[in-house]
1. Work out the FRET efficiency for residue 92 and residue 261 from their Cβ-Cβ distance, taking R0 = 56 Å, and round it to the nearest 0.05.
2. Relative to the longest principal Cα axis of the chain, at what angle does helix 201-211 sit, 0 to 90 degrees, rounded to 10?
3. Using a Gaussian network model of the chain with C-alpha springs under 10 Å, which one of 138, 13, 218 is most mobile by mean-square fluctuation?
4. 222 nm [θ] for the chain, helices only, -39500 (n - 2.57) per DSSP H run of 4+, per residue, to 500?
5. When only Cα pairs under 8 Å and 6 or more residues apart are kept, what is the percent relative contact order across segment 108-187?
6. Which of 277, 267, 166 sits farthest toward the positive end of the charge dipole of the chain, with +1 on the Cβ of Lys and Arg and -1 on the Cβ of Asp and Glu?
7. Using all alpha carbons of segment 181-267, what is the percent of pairwise distances in each 5 Å bin, ordered from the shortest bin to the longest?
8. Where both residues lie in the chain, what percent of DSSP beta bridges are antiparallel, nearest 5?
Amino acid sequence: MKWLASELHTHTIHSDGKQTLLELTRGAKLLGFECIALTDHNTMSGLQGKEEIEQETGIAILPGMEWTTFHGHMVTVGLDSFVDWRKAEPDTIDADVAKVHKQGGVAGLAHPFRIGTPVCTGCFWEFKIRDWNAFDYIEVWSTTFAPVKLDNQRAFALWTRLLNEGVRIAATSGRDWHRQEETKDPLSVTYLGLKEEKHSLQEAAVNALREGRVAVTIGPLVTMEVHGKENGAVYELGSAVPVGLPEDKESYAIHVHFSFSVRQGIWQLPDQRYRLVVNSSEGILSEMRIEAEDKHYEIGLDLDEKRPAWIRAELWGTVSGVRALVAFTNAIYFDKEATE
Ligand SMILES: [Zn+2]
Ligand SMILES: [Zn+2]
């Protein structure tokens, strides 16, 4: 699988950004990104010249828009023309998301716990969601040095709570990038797992978001699969391990892959041993110390004891003297026997 280094939340001078699309895209290339989503506030006019800029820089630009309303900000990606955001009401956001899907796009909550009005108009999420499954993702990490920020920690906790409630929803990062500026803060990357070769890159990237083939990091790339030992099946991020037959003797292993060499020289975290945690709806399944090297680990998974609803890999370390979540994968789910 190709993991596409993406920045999914950006602005240009077509909304409140201080950069043109060309400046933004060149800046993204210098930071080792391969893809950006342009998500200006309530407009898609900034996409003018997209093809030429993609050709010059080699960076894929996904069309997007940030719905900017008094009740919250919602990022939409993958639509060629926008769905009208002006009638978005606190009670009917689910219907708006259905329209985004109809046009082939995906929708996610942007920075749901950022301080809202009057500091940042509508930044705090107040839309009433009736069906969380209607949404594709939550931007759990926003801005720079995201994992240590309290509003992001609340968003991450919301994602975990939803997973525990049985909602299958992806988690992403987005810098909410407005201008070209130097920063010493760690930058986060959302890696999208591209699968379909027959599709365009845009379709493959949007499918990855929709299906949760997503890994987020401020350092190394961490991905995970579940392997069926007997039948050879491989379950990727975002997919579900089916319920086996009662006589099924299938045993499973979790594979966690690390690439520390990815985006070589661009991200800098202090030399250290990290802690790999496989977390789940049933709590921590496995924990180990790992060295900072490109490697793959295999962890046995006993489903007879207690079948989790979901698992995810987390990498913990020390960043600027603070213990922080450095990287996490999206979830792999486990179907449950239907109870009568
Ligand atoms: Zn916003
Ligand atoms: Zn924004």
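Read the figures in this text as sums done on the coordinates, not as results from a lab. All figures in this text were calculated on a predicted structure; none of them were measured in a lab. A quick note on method: Cβ atoms are made from the backbone with ideal geometry, for glycine too, and the neighbour counts reach across all protein chains shown.
1. Values: r = 47 Å, r/R0 = 0.84.
According to the calculation, E is roughly 0.75.
2. Roughly 60 degrees, rounded to the nearest 10.
3. With Cα springs under 10 Å in the chain, the top fluctuation among 138, 13, 218 is at 13.
4. Numbers: 5 runs with 54 residues, N = 340.
Mean residue ellipticity, 222 nm, calculated: -5000 deg cm²/dmol.
5. Rounded, it is 32 percent for segment 108-187.
6. The one lying farthest along the dipole's positive direction is 267.
7. The distribution over segment 181-267 is 3, 12, 17, 17, 17, 15, 9, 5, 3, 1, 1, 0, given as percents.
8. Working: 58 of 76 bridges.
Percent antiparallel among DSSP bridges in the chain is about 75.
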